[in-house]
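Some notes on the structure that comes next.
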């Protein structure tokens, strides 16, 4: 029927994979003891706090910093939702696309 399941004008979903500065995927974990700190904001978190870490690099982010970094981890230009965002198809212009 020609309906597209993906609306290219919707916000692109955030990537679920977050990475350390060296490119390793961060894994969610709960701090096993007091004394773990965020590698970005340096806050010391209590035992049981949710962190995202790379054990290979000893790099950890608190929840606040992971969420602050999320816009930088949004869809890349290779994603159709990014390439099509801001384009408009006008009827009568033979389907020509223009950038808004």
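Points to keep in mind about this one:
- Enumeration of residues in the range 31-45 that are assigned to a loop (DSSP other than H, G, I, E, B) and more than 17 Å from residue 69 (Cα to Cα): 31, 32, 33, 34, 35
- Inter-residue pairs, beta-carbon under 6 Å, first assigned to a loop (DSSP other than H, G, I, E, B) and in the range 46-60, second loosely packed, with under 11 Cβ neighbours inside 10 Å, 6+ apart: 47/33; 57/22
- Whichever residue in the range 21-30 is assigned to a loop (DSSP other than H, G, I, E, B) and touching a residue at least 24 places away in the same chain (Cβ under 8 Å) and, among such residues, is nearest to residue 56 (Cα to Cα): 24
Bear in mind these aren't lab numbers, they're just calculated from the coordinates by the rules spelled out. As the structure is a prediction and not an experimental result, all values here were calculated from the model. No Cβ is skipped: glycine too gets one built from the backbone with ideal geometry, and neighbour counts run over all protein chains shown.
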